[in-house]
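Everything on this sheet refers to the single structure shown next.
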Amino acid sequence: MSGVGETMRAAVLRGREDVVIETVPAPHAGPGEVVLRVRAALTCGTDAKVFRRGSHAKMLQPPCLFGHEYAGVVYEVGEGVTKFAVGDEVVGANSAPCGACDPCRRGRESLCDDLLFVNGAFAERLLLPARLVERNLYLRPAGLEPAAAAAVEPVACVLKGVELVAPEARETVLLLGSGSIALFFASELRSRGVDVALLARCADVEPLARRMGVGDVIVAESVTDGFDAIRARSPGGRGFDVVVEAAGAAETTEAAPRLARKGGRVLLFGGCASDVRVTIDPARLHYEEIQILSSFHHTPRHVKAALDALAGGRIDPRPVMESPVGLDALPSALRRMITRELRGKVPVIPL
């Protein structure tokens, strides 16, 4: 059990491209709270962006702990916790909705007016607040290793996006992006009988993409330069039934509607920076009935579904993972991520 004066090692974000491993006070579980001993925490594209920019407007202002994809073992439980006990192997989400605001009451929990975020997983221990313990913490299924279980958060986001765009068997989907999120989309879509094409800037992603369910890998330096060739790969050159923007870039966001067929759907998933502006053709959207949809984050329902998908093997995150590292190697791994030397998710094993 953690006690007064006890310490732990943790990654501390101090500013732009400045992460250090420090000895900090260990957390203690208050009423309703749980402290985990972290088994594994995964890096993601958001972590790389936070590292490069030095902060996150909604969640992280330095100096602070960070990291949000995790699995661990319960180390301490606070007063009133009955769902979990010391020694339980668990996995949790990185947020918990309030359940009481207007969006929550309408089933739009990802838009919660008081969405509570959790960070600090790149550490030996992680404190989970009472709301998250109650609403978004789960026992880790037997047979699902900690690093794979830690992917539950991005997989939950993907499942929410797939549900929104509602693909049907034998439809064609184009994924704009080739990172781990796009590859998780590919796995889920392929399991539903959907034909998946993926745009990548480098040909070396093709073996992994095909392993994750992609049927057609289109290599182009940019979506603008390769636009005609990309559209020509759609059925009859008419465009794709669904286009998923999973890169979070202005160029791919602007191109996505032009790559959809008449009556097609576009899912803006990647999330551009707040100052990005793009141009669309409203006449084409209207007369060709192209729908533009967007999906942010996840809900507890999708987290549960993601855990089932991982436990059942429908989505296997292991192929997109790099070699595991300890806490001391995390700053180097983040630098290698922003230079694209590392393209996959890096499992961080704190102990």
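The values are calculated or read from the model by the stated rules, or taken from the named source; none is laboratory data. This one's a predicted model, so the numbers in the text were calculated from it and none came from an experiment. Cβ atoms come from the backbone with ideal geometry, glycine included; neighbour counts cover every protein chain shown.
Brief remarks follow.
Per-residue answers, yes or no, for (1) farther than 30 Å from THR224 by Cα; (2) charged (D, E, K, R); (3) in the same structural domain as VAL194 (by TED's automatic domain parsing); (4) touching a helix residue (DSSP H, G or I) at 6+ places or on another chain (Cβ under 7 Å):
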| site | (1), (2), (3), (4) |
| --- | --- |
| ASP241 | no, yes, yes, no |
| GLU251 | no, yes, yes, no |
| LEU267 | no, no, yes, yes |
| CYS272 | no, no, yes, yes |
| ASP275 | no, yes, yes, no |
| VAL278 | no, no, yes, yes |
| THR299 | yes, no, no, yes |
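- Any hit, the stretch 188-204, residues being within 18 Å of HIS298 (Cβ to Cβ) and in contact with a Phe, Trp or Tyr (Cβ under 9 Å, 6 or more places away or on another chain): no
- Some residue of the stretch 175-187 being among the hydrophobic types (A, V, I, L, M, F, W, C), surrounded by fewer than 19 Cβ atoms within 10 Å (Cβ to Cβ), under 23 Å from PHE240 (Cα atoms) and assigned by TED's automatic domain parsing to the domain that holds ALA260: no
- Residue among VAL118, VAL81 that alone is over 29 Å from GLU17 (Cα atoms) and hydrophobic (A, V, I, L, M, F, W, C): VAL81
- Tally, over the stretch 139-156, of residues that are in a helix (DSSP H, G or I) and surrounded by fewer than 22 Cβ atoms within 10 Å (Cβ to Cβ): 1
- Checking each residue in the stretch 109-124 for being over 17 Å from the mean Cα position of the chain (by Cα) and surrounded by 14 or more Cβ atoms within 10 Å (Cβ to Cβ) picks out CYS112, ALA123, GLU124.
- Within the stretch 191-220, the set of residues being in contact (Cβ under 8 Å) with a residue 24 or more places away in the chain and either in the same structural domain as ILE338 (by TED's automatic domain parsing) or of a type in the set (D, E, K, R) (or both) comprises ARG192, ASP195, ARG211.
- If the condition is being of a type in the set (Lys, Arg) and within 14 Å of LEU36 (Cα to Cα), then the stretch 102-136 contributes only ARG125.
This table checks each residue for (1) more than 18 Å from PHE117 (Cβ to Cβ); (2) surrounded by 13 or more Cβ atoms within 10 Å (Cβ to Cβ); (3) touching a residue at least 12 places away in the same chain (Cβ under 8 Å).
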site: ARG14; (1), (2), (3): yes, yes, yes
site: PRO27; (1), (2), (3): no, yes, yes
site: LYS58; (1), (2), (3): no, no, yes
site: TYR70; (1), (2), (3): no, yes, yes
site: PHE84; (1), (2), (3): yes, yes, yes
site: ALA96; (1), (2), (3): no, yes, yes
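- Residues that are in a strand (DSSP E or B) and either among the polar types (S, T, N, Q) or under 20 Å from ILE338 (Cβ atoms) (or both) within the stretch 17-33 comprise ASP18, VAL19, VAL20, ILE21, THR23, listed in sequence order.
- Options PRO317, PRO300, PRO347; residue that is in contact (Cβ under 8 Å) with a residue 40 or more places away in the chain and more than 30 Å from VAL242 (Cβ to Cβ): PRO347
- Against the criterion of being over 22 Å from GLU79 (Cβ atoms), under 24 Å from the mean Cα position of the chain (by Cα) and of a type in the set (Val, Ile, Thr), VAL34 does not qualify.
- Residue ID - surrounded by the most Cβ atoms within 10 Å (Cβ to Cβ), chosen from residues in the stretch 292-343 that are modelled with pLDDT under 95 and outside any helix (DSSP H, G or I): LEU342
- Close pairs (7 angstrom Cβ cut-off, 6 or more residues apart or separate chains): closer than 12 Å to GLY30 by Cα in the stretch 118-132, of a type in the set (D, E, K, R) anywhere: LEU127/GLU33; LEU128/GLU33; PRO129/GLU33; ALA130/GLU33
- Residue count, the stretch 277-334 (criterion: over 30 Å from GLU134 (Cα atoms), among the small types (Gly, Ala, Ser) and in contact with a Lys or Arg (Cβ under 6 Å, 6 or more places away or on another chain)): 0
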